[in-house]
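Participant: Can you read through this structure? Questions will come right after.
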Amino acid sequence: MDSELASCKLDELKFEEKLGAGSFGLVVAAVHMKTGKRVAVKKIPKKNMNSLREREKIKTEVRIHELVNHEHIVRLYKTLEDKSFVYLVMEYAEKGALFKLLKAQRGFDEATAFRYFI
């Protein structure tokens, strides 16, 4: 199934609800219609990529995702684009962002931190 996501096309994604917003753009839930798999898609408006610095930040994020393989870091399946947006198709984290959990609990004890980060 992951191989199908790695070769997915934009018209195979059905966009759903907004999950959050960041400095680059929106993150929305989507369903890959061929597999039924739920994914998160970061939609980065190209109009926000005017400077070389902004483009380099996005390229760096993509490179890091391509290099990292950890069970507590979402996988990047595919990078797509159209006239207006760059799309990062990523693994959907059902329980949300780890940072939100960390913030809500005001930190982790050593055993919990070890489980997530090591």
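Please treat every number below as a calculation from the coordinates, not as lab data. Bear in mind that the values here come from a model prediction, so they are computed numbers and not experimental data. No Cβ is skipped: glycine too gets one built from the backbone with ideal geometry, and neighbour counts run over all protein chains shown.
Participant: Taking other Cβ within 10 Å of each residue's Cβ, how do Thr60, Thr35 sort, fewest first?
Facilitator: Thr60, Thr35
Participant: Normalising by the residue count of the chain, find the relative contact order in percent from Cα pairs under 8 Å and 6+ residues apart.
Facilitator: Relative contact order, the chain: 21 percent.
Participant: On to the next question. Please sort by residue number the trypsin sites (Lys or Arg not before Pro) in the range 1-32 whose DSSP state is loop and whose Cβ has at most 10 other Cβ atoms within 10 Å.
Facilitator: Lys9
Participant: Now a separate question. Go through the range 1-103 and name the GluC sites (Glu not before Pro) that are in a DSSP coil and have 12 or fewer other Cβ atoms within 10 Å of their Cβ.
Facilitator: Glu71, Glu94
Participant: Right, something else. Between His70 and Ser23, what is the FRET efficiency for a Förster distance of 22 Å, r being their Cβ-Cβ separation, to the nearest 0.05?
Facilitator: Step by step, r from the Cβ atoms, then E = 0.45.
Participant: Now for a separate question. Within the set Lys37/Lys59; Lys34/Lys59; Lys9/Lys37; Lys42/Lys78, which residue pairs have Cα atoms separated by over 18 Å?
Facilitator: Lys37/Lys59; Lys34/Lys59
Participant: Can I ask one more? What's the angle, to the nearest 10 degrees (0 to 90), between helix 52-67's Cα axis and the longest principal axis of the chain?
Facilitator: With rounding to tens, the tilt is 60 degrees.
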